[in-house]
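Asks: Handing you this structure, nothing more for now.
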Amino acid sequence: MLRFAFGGLAANKVRSFLTMLGVLIGVASVILLLAVGNGSSTAVKNSITSLGTNSLTVSSMGARGAAGSTVKKLTVDDAKALASATDAPSIKSVAPVVTTSAAALYGNISYTPGSIIGTYPAYFETANQKVAKGDYFSNDDVLNSRKVAVIGSTTASQLFDTEDPVGKKITIGGTPFTVLGVLQTKGSTGFNDPDDVVIAPLPTVQNAFTGFGSVNQILVQATSADTTTAAQSDITRILMGTHAISDPSKVDFRISNQTSLLTARESTTKTFTVLLGAVAAISLLVGGIGITNIMLVTVTERTREIGIRKALGAPKGVILGQFLTESTLLSVIGAGLGVAVGIFGSHFSIVGIKPVVIPESVLGAFAIAVAIGLFFGSYPANRAASLRPIEALRHE
Amino acid sequence: MSSQKPPVIQIRRVTKSYGHGDATVHALRGPDDPVTGAPLGVNLDIEQGDFVAVMGSSGSGKSTLMNILGCLDVPTAGRYLLDGIDVGHLDEGQLSLVRNRKIGFIFQSFNLVPRTTALAQVELPLAYAGVRSAERRRRALAALDMVGLTERAGHKPNELSGGQQQRVAVARALVTAPAMLLADEPTGNLDSRSTEEVLSIIDNLNATGRTIVLITHEDEVAHHAKRVIRLVDGAIIHDVRQAPVNGLPPALLELVGVRA
Ligand SMILES: Nc1ncnc2c1ncn2[C@@H]1O[C@H](COP(=O)(O)OP(=O)(O)OP(=O)(O)O)[C@@H](O)[C@H]1O
Ligand SMILES: [Mg+2]
């Protein structure tokens, strides 16, 4: 029976190949697109852990939503109040942050890093930034406003290429900074590059760029992931004190939890995965319709042959079996190649996302493709097998 | 006719028509009812072991009758009893068994399976009967040998001449050793020598007790039969017996007669 089926397929190689191609593309795209979706949500998950799950970001609300009331910006004093509070045991460390942007010069190379951050050493731990080479700057550097910096790996490779940046001087906005260390690569999440930064002591950056007024953010590290909620209420209470606000609904700052932020982003990528999956499923269905179409053509073409076989006493089951075997063979080979292509394709990163194959999607896509072959093949096969011999023989 | 066995084929008031209304073609109609003028249908009994030649002009309904006898088509009206069983009551599966086991059919237009070697063609009915592959091959080769095509066993239909294709079709009909052989102009495409060969095969089959129904336009072929039926416009108008049912077919009798 298998030999008959192979013979039938071989008799029309181009047609069989194109049909298989339809199934192949369907299966491969299901596997690949789901892998891309899965890969991007894995990347988000990784960046949640890399950010540190117990960090909180306090930022100013700005002028908006505070009509009539004066909005106090966040200041270094706010940060000091948080750090020195004795009745806030859930707060582990505090780092005020100013962010700016400027071009950095090394020799005759000019490069504008994603951001220039002025902060305290506590920032490194809170933001889960570790140095790979050299050292962090110290509290002493902050107190003395030393012109030192730690740079991210992307910035390092842009400015220094293969040179060792540690100890070299780069000029940012006219101020020369000595590079103390290079951060470990965190890897892009596909949205922004956390490795494209220059981190320097807060007063140095304020002095050179932002002035000594407000800060952009205050990064707070809670003692553990479980105490972030307690830390959040502590921060609210203390800052309401320093900003002299009595009504909790009128606070002029916002505390965001990195985890919740990224969880939201993760759910976005889930939706994205589902959408990709739907698109892929449609192409699989189209592949299935291709099989039906081809089997219908094949059956029509071979109606006379079916008539001869029936006249020789072929039972309905045998005819049915022959055509079903053919269509199943088409879909099995197509799906098998599709799995191979899908898995092969997932070794390449696509739009900056490293696909991660979901094993269930491989099995599922294969099973669905084969089921489609059986299901859609059975209609033409059944039609062929039910013909009366003489009708089939008369067919032109 | 004093036969103790019931006829192997009994058809009663069988009609077959195609199309509707004014365009209706009565391919089989039998005599008309003298009162109403409606077709009464064809009645025909064929004894076991008989050798019947069906003659008639083109379009007279010979193939139509044959297709009904071979269970390839169903009559518009009337009953067909094969070995006493009403074929109209059989289901799909039983019909395919009947076609496979009881009937060997030779088509007017060969009807070989395309892209399939002569040997595989002849093996087909055996395969559907569930015969094992070694046995199948042995019997198929024997049947091909009988029609003188042993050297052409590996050829496909498009590599065979018309006569050779015809003989493959004959071998395919013989290979299951059916009790009944239905042949729609089996010698229509053969030269006189091949015709004699095929006919002698058929004569021998009849001599071993098989029932033969054969359509032909040629009188020489019809001489081989024990009984000749003539169709005109879907009705039997002549039914002549040339030799007794229980005996050798005329051609073999002549041979014996010459020797005696
Ligand atoms: N499927 C069909 N549809 C319509 N008419 C048909 C069909 N099959 C046969 N006929 C008609 O029935 C009549 C009998 O046809 P049949 O094939 O039995 O002729 P025949 O006696 O075998 O002729 P020949 O000697 O040429 O083979 C013809 O008039 C033919 O046109
Ligand atoms: Mg005919």
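The values are calculated or read from the model by the stated rules, or taken from the named source; none is laboratory data. Being a predicted model, the structure only gives us computed values, none of them experimental. As a convention, Cβ positions derive from the backbone with ideal geometry for all residues, glycine included, and neighbour counts pool all protein chains shown. Just the protein is used for accessible areas: all its heavy atoms, side chains included, with ligands, DNA and RNA removed. Shrake-Rupley method; radii C 1.70, N 1.55, O 1.52, S 1.80 Å.
Asks: The range A:282-300 to the range B:16-93: how many Å between their Cα centroids?
Replies: Distance between centres, Cα-based: 40 Å.
Asks: Now for a different question. Restricting to bridges with both residues inside the protein assembly as shown, how much of the DSSP beta-bridge set is antiparallel, in percent to the nearest 5? If you can, show how the numbers build up before the last one.
Replies: Working: 57 of 84 bridges.
Counting only bridges with both partners in the protein assembly as shown, antiparallel ones make up about 70 percent.
Asks: Okay, moving on. With N residues in the protein assembly as shown, what two-decimal value do you get for its Cα radius of gyration over 2.2 N^0.38 Å?
Replies: On the way: Rg = 45.5 Å, N = 656, 2.2 N^0.38 = 25.9 Å.
Here the answer is 1.76, to two decimals.
Asks: Follow-up question, since we're still on this one. Classify the range B:50-202: rounded, prolate or oblate, from the alpha-carbon gyration tensor (a ≥ b ≥ c, eigenvalue square roots; a/c under 1.5 rounded; otherwise prolate if a/b is larger than b/c)? Intermediate values should be presented prior to the final figure.
Replies: Numbers: a/c = 2.00, a/b = 1.28, b/c = 1.56.
Judged from the Cα gyration tensor, the range B:50-202 comes out oblate (a/c at least 1.5, b/c at or above a/b).
Asks: Pop out a list of residues from the range A:362-396 that are at least 20 Å² less accessible with all the protein chains around than in their chain alone; 1.4 Å probe, no ligands or nucleic acids counted.
Replies: A:Arg388, A:Pro389, A:Ile390, A:Leu393, A:Arg394
Asks: So, for chain A, what is the accessible surface per residue at a probe of 1.4 Å, expressed in square angstrom?
Replies: Numbers: 18120 Å² over 396 residues.
Value returned for chain A: 46 Å² of accessible area per residue.
Asks: Counting protein heavy atoms only and a 1.4 angstrom probe, how many square angstrom of accessible surface do chains A and B bury in total, to the nearest 100? Don't skip to the end; give the middle numbers.
Replies: Working: alone 19070 and 12790 Å², together 30000 Å².
In total, this chain pair buries about 1900 Å².
Asks: Moving on. Report the charge-dipole magnitude of the protein assembly as shown in Debye, nearest 20, computed about the Cα centre from +1 at each Lys and Arg Cβ and -1 at each Asp and Glu Cβ.
Replies: Working: 57 positive and 52 negative charges, 85 e Å.
Around 400 debye, computed over the protein assembly as shown.
Asks: Right, here's the next one. Kindly provide the helix-only [θ] at 222 nm of chain A, computed as the sum of -39,500 (n - 2.57) over DSSP H runs of four or more divided by all residues, to the nearest 500 deg cm²/dmol?
Replies: It lands at -17500 deg cm²/dmol.
Asks: Order A:369-376, A:224-231, B:213-220, A:343-350 from most to least packed using the mean count of other Cβ atoms within 10 Å. Working shown, then result.
Replies: Values: A:369-376: 21.0, A:224-231: 15.8, B:213-220: 18.8, A:343-350: 14.0.
Answer by packing, highest mean first, reads A:369-376, B:213-220, A:224-231, A:343-350.
Asks: Another question, then. Compute accessible area for the range B:119-148 by itself and then with all protein chains, 1.4 Å probe, and report residues whose area falls by 10 Å² or more.
Replies: Those residues are B:Leu124, B:Pro125, B:Tyr128.
Asks: Where nothing but the Cβ of Lys and Arg (+1) and of Asp and Glu (-1) is charged, how large is the charge dipole of the range A:261-396 around its Cα centre, in debye to the nearest 20? Don't jump to the answer; show the numbers that get you there.
Replies: Numbers: 11 positive and 7 negative charges, 51 e Å.
For the range A:261-396, the charge dipole is close to 240 debye.
Asks: Which of these, A:Ala281, A:Ala311, A:Ala208, has the largest mean-square fluctuation under a Gaussian network model of chain A (Cα springs below 10 Å)?
Replies: A:Ala311
Asks: Continuing with the same structure: Looking only at A:Thr162, A:Thr210, A:Thr178, which one moves most when chain A is put into a Gaussian network model with springs between Cα atoms under 10 Å?
Replies: Among A:Thr162, A:Thr210, A:Thr178, the largest GNM mean-square fluctuation belongs to A:Thr162.
Asks: Whenever you get a sec, compute what percent of the accessible area on the protein assembly as shown sits on carbon and sulfur atoms (1.4 Å probe). List each step's numbers first, then the result.
Replies: Numbers: 17440 of 30000 Å².
Heavy-atom surface of the protein assembly as shown belonging to carbon and sulfur, 1.4 Å probe: 58 percent.
Asks: Rounded to the nearest 500, what is the 222 nm mean residue ellipticity of chain B from helices alone, with -39500 (n - 2.57) per DSSP H run of 4+ residues and division by all residues? Mind showing how you got there, number by number?
Replies: Working: 8 runs with 86 residues, N = 260.
The helix-only estimate for chain B comes to -10000 deg cm²/dmol at 222 nm.
Asks: Using a 1.4 angstrom probe on the protein heavy atoms only, could you order A:Met295, A:Met240 from most to least accessible area? It would help to have the intermediate numbers written out before the result.
Replies: Values: A:Met295 5, A:Met240 30 Å².
So, going from the largest accessible area down, we get A:Met240, A:Met295.
Asks: Here's a follow-up. In terms of modelled amide H atoms, which long-range or inter-chain residues lie less than 5 Å from the amide H of B:Val54?
Replies: Long-range HN contacts for B:Val54: B:Leu214, B:Ile215, B:Thr216, B:Ile229.
Asks: P(r) of chain B in 5 Å steps, Cα pairs, percent per bin?
Replies: Per 5 Å bin, starting at 0, the Cα pair percentages come out as 1, 6, 13, 17, 18, 17, 13, 9, 4, 2, 1, 0, 0.
Asks: Of A:Ile218, A:Ile31, A:Ile358, which is the most mobile in a GNM of chain A whose springs link Cα atoms less than 10 angstrom apart?
Replies: Between A:Ile218, A:Ile31, A:Ile358, it is A:Ile358 that shows the largest mean-square fluctuation.
Asks: With charges only on Cβ, +1 for K and R and -1 for D and E, what is the dipole size of the range B:1-67 about its Cα centre, in debye, rounded to 20?
Replies: On the way: 6 positive and 6 negative charges, 28 e Å.
Computed about the Cα centre, the dipole is about 140 debye.
Asks: Taking the Kirkwood radius as the inverse of the mean 1/r across Cα pairs, report the Rg/Rh of the range A:305-363. Before the final figure, lay out each step's value.
Replies: Working: Rg = 19.8 Å, Rh = 14.6 Å.
That ratio equals 1.36.
Asks: Excluding ligands and nucleic acids, what accessible area in Å² is computed for A:Tyr120 using a 1.4 Å probe, to the nearest 10?
Replies: 50
Asks: Is the shape of the range A:333-373 rounded, prolate or oblate, going by the alpha carbon gyration tensor and its root eigenvalues a ≥ b ≥ c, with a/c under 1.5 for rounded and a/b larger than b/c for prolate?
Replies: Details: a/c = 3.22, a/b = 2.09, b/c = 1.54.
Because a/c hits 1.5 or more and a/b exceeds b/c, the range A:333-373 counts as prolate.
Asks: Using the C-alpha atoms of the range B:113-190, what convex hull volume per residue, in cubic angstrom, is computed?
Replies: Details: hull volume 6.9 nm³, N = 78.
Enclosed volume per residue, from the Cα hull, is 89 Å³.
Asks: Can you list the residues of the range B:91-110 that have at least 30 square angstrom less accessible area with all protein chains present than in their chain by itself, probe 1.4 Å?
Replies: Residues of the range B:91-110 that lose at least 30 Å² of accessible area once the other chains are added: B:Glu92, B:Ser96, B:Arg99, B:Phe107.
Asks: Sticking with this structure for a sec: Averaged per residue, what accessible surface does chain B expose to a 1.4 Å probe, in Å²?
Replies: Details: 11880 Å² over 260 residues.
Result: 46 Å² per residue.
Asks: Which percentage, to the nearest 5, of the DSSP beta bridges contained in chain B is antiparallel? Present the calculation step by step, with values, prior to reporting the outcome.
Replies: Numbers: 22 of 40 bridges.
Given both bridge residues lie in chain B, the antiparallel proportion sits at roughly 55 percent.
Asks: For the range A:62-251, restrict the atom set to alpha-carbon positions and state the Rg and Dmax in Å.
Replies: So, for the range A:62-251, Rg and Dmax equal 17.8, 55 Å respectively.
Asks: Using amide H atoms built 1.01 Å from N in the peptide plane, name the residues 5+ places from A:Lys133, or on other chains, whose amide H lies under 5 Å from its own.
Replies: So A:Lys133 has HN proximity to A:Val182.
Asks: Okay, next question. Classify the range A:107-219 from the C-alpha gyration tensor, please: rounded if a/c falls under 1.5, else prolate or oblate depending on whether a/b exceeds b/c. It would help to have the intermediate numbers written out before the result.
Replies: Numbers: a/c = 1.41, a/b = 1.18, b/c = 1.20.
Rounded shape, in that the Cα axes give a/c under 1.5.
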